[in-house]
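Take a look at the structure set out below.
The values are calculated or read from the model by the stated rules, or taken from the named source; none is laboratory data. Worth saying up front: this structure is predicted, and the values here are computed from it rather than measured. Every residue, glycine among them, receives a Cβ derived from its backbone with ideal geometry; neighbour counts consider all protein chains shown. All accessible areas refer to the heavy atoms of the entire protein, side chains included, with ligands and DNA or RNA removed. Shrake-Rupley method; radii C 1.70, N 1.55, O 1.52, S 1.80 Å.
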Amino acid sequence: RWRVRLAGAEEAWIDEKNVQLLPEGTPPPKALLETIVVRSSDSHADVEFTVGSPVPAVVSQEDGIVKVSFYNTREHVNWIVYDDNDSFVREVRWRQENSDKAEAFIHLKKGERLWGYSLRRTGERYVLTLRRAPRAGRRSLFEGITVVLDPGHSGPDLVGIGPLSTREQDVNLSLAQRVRDRLLSEKASVILTRETASEVVPLTRRTEIAFENKADVFLSLHFNAFPPGIDPLAEPRGFSMFHH
């Protein structure tokens, strides 16, 4: 990974495969934040920012407000175009945080729930997609919902082997298949990050699969080991859930 400076004391780490080195002494790109356009649909809202040059951008969220920070950028916003049919985004504000950073703030309408976001660059624009919370189907709670199930570990990864040589990755896959069948019976769309015990799927690829399929839910399944000498059938026992 490469360590890069954003502005002031702010830094970021970028995978080397995503870095293109320019000749030494090349000045960093500078840009203007100009027109902002909001477009809405039943499942999401797109906020388009006209930013002429490809500059670093960071998205964060807090209390119903989504902030986009554009580095090496000066604000020159002359138009904000809203969607008359939008029931998701209330307003967009902006400010020049310092000489190197312009920020935009997207305020959601009261009662609306943000399910997730992503930022991409298209032409001279950055497009921020804001996902609405999925709505329950008519025939089932999961109807129309896309779920990506991730059976933990894979291939030669031998993390977690039981006293009977049971491998965690095999039990993870068996559980994922059972959960898939249950979700399919509830009218959900289900994708597994791996279909076999021998298939090797890197960690980063697992979340990419969820992103590419626009999943509403990404669920990673694991089994945990007890320390030596602990009876796994004794109380307490159960499950842990970590969610974001």
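Only residues that are surrounded by 15 or more Cβ atoms within 10 Å (Cβ to Cβ), farther than 10 Å from D150 by Cα and either without any contact (Cβ under 8 Å) to a residue 40 or more places away in the chain or of a type in the set (V, I, T) (or both): list them for the range 187-196, please.
Hit for the range 187-196 is V190, nothing else.
State the number of residues belonging to the range 189-201 that are in contact with an Asp or Glu (Cβ under 9 Å, 6 or more places away or on another chain) and assigned to a loop (DSSP other than H, G, I, E, B).
Selection size over the range 189-201: 5.
Would you pick out the residues in the range 111-129 that are without any contact (Cβ under 8 Å) to a residue 24 or more places away in the chain and among the basic types (K, R)?
R113, R120
Could you please give the count of residues in the range 101-160 that are of a type in the set (K, R), under 18 Å from H44 (Cβ atoms) and either in contact with a strand residue (DSSP E or B) (Cβ under 6 Å, 6 or more places away or on another chain) or open to solvent by less than 50 Å² (accessible area, probe 1.4 Å) (or both)?
The total comes to 5.
Do you know which residues across the range 197-244 are small (G, A, S), over 20 Å from R167 (Cα atoms) and surrounded by fewer than 15 Cβ atoms within 10 Å (Cβ to Cβ)?
Across the range 197-244, the qualifying residue is only A234.
From (1) under 26 Å from L130 (Cα atoms); (2) surrounded by fewer than 13 Cβ atoms within 10 Å (Cβ to Cβ), pick out the condition that doesn't hold for R182.
Among (1) under 26 Å from L130 (Cα atoms); (2) surrounded by fewer than 13 Cβ atoms within 10 Å (Cβ to Cβ), the lone unmet condition for R182 is (1).
Can you give me the number of residues within the range 21-71 that are of a type in the set (A, V, I, L, M, F, W, C), open to solvent by 40 Å² or more (accessible area, probe 1.4 Å) and not in a strand (DSSP E or B)?
Of the residues in the range 21-71, 2 are of a type in the set (A, V, I, L, M, F, W, C), open to solvent by 40 Å² or more (accessible area, probe 1.4 Å) and not in a strand (DSSP E or B).
Which is aromatic (F, W, Y) and in contact (Cβ under 8 Å) with a residue 60 or more places away in the chain, of F88, F49, F70, F105?
F49
I'm trying to understand the selection: among the residues of the range 181-214, which are under 30 Å from A136 (Cβ atoms), touching a helix residue (DSSP H, G or I) at 6+ places or on another chain (Cβ under 8 Å) and among the hydrophobic types (A, V, I, L, M, F, W, C)?
V190, I191, L192
Take the residues in the range 4-20 that are part of a loop (DSSP other than H, G, I, E, B) and free of Cβ contacts under 8 Å to residues at least 24 places away in the same chain, then tell me which one is most open to solvent (accessible area, probe 1.4 Å).
Q20
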